[in-house]
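The next block holds one structure in the form of structure tokens; read it before the comments.
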Amino acid sequence: MDDSKSVDVVGHGMLSDLGPRCAGYIGLLSLAQFLICIMIGAFADEDWVLFEDTLCYMGVSEVAFIRVMYPITCTVISIGIAIFGCIVARSSTRRLQVIGYYMCIPFAISLFGIGILNIDLAYIPHMVCVYLMGASGTLVIGLTAIDDFKHGNKVTLPFLVFVLAGFVYFTIFNMDYQQPFVYLGMFIWLIGKCLHLIVTDTAY
């Protein structure tokens, strides 16, 4: 048997073994490490002030280990969210759910970019990542919520309205808070979905 074909079959089999429950654990663990590291950074850097400084400021902290920890933290959660989205999308047969979960990939890419790029708001690549994170995060929540509603689950619809309203408001009136708001909305959604996946081991 051809070796390359053997490797392909093995690789496909390994990916197929990662089901919705596994995706839930990956998502929760990624989020947990992110939140723990951010709390450590917030306590260790006395100059960082909640509700005044965005998380990006940890990337230029005067505390050396925070400057190193922050991009690593963003990288780890980016990989975790991308894997989470791919696994659940592959486990789903509903079009909106598939597209919604695959939108976790641009969200993860933007989060990675925000973690490693200059925080200067005049720096165009940084701002591209900020807008991409907001738009992709809103689409993740939006598309999955619409599909849930179509199939009788109306719980996530009010949350979608809240996220859309907040995203529009903070984008237009106070850009400084758009980023943490999107983080909050996406992470609340992620916790809920991960717990559901772990309990049911299904994409719905």
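Every number in this text was worked out from the coordinates using simple rules, so none of it is lab data. Everything quoted here is computed from the prediction, not taken from an experiment. No Cβ is skipped: glycine too gets one built from the backbone with ideal geometry, and neighbour counts run over all protein chains shown.
Observations on the model:
- Nearest-ten-degree value, helix 3-16 long axis tilted from longest Cα axis of the chain: 70
- Unit charges at the beta carbon, dipole of the chain: most positive-side option, L96, L164, G115: L96
- Dipole magnitude of the chain, debye to nearest 20 (Cβ charges: Lys/Arg +1, Asp/Glu -1, about Cα centre): 880
- Between 0 and 90 degrees, the angle of helix 124-150 with respect to the longest Cα principal axis of the chain falls at about 40 degrees.
- Taking the C-alpha atoms only, the angle from helix 104-116 to the longest principal axis of the chain is near 30 degrees.
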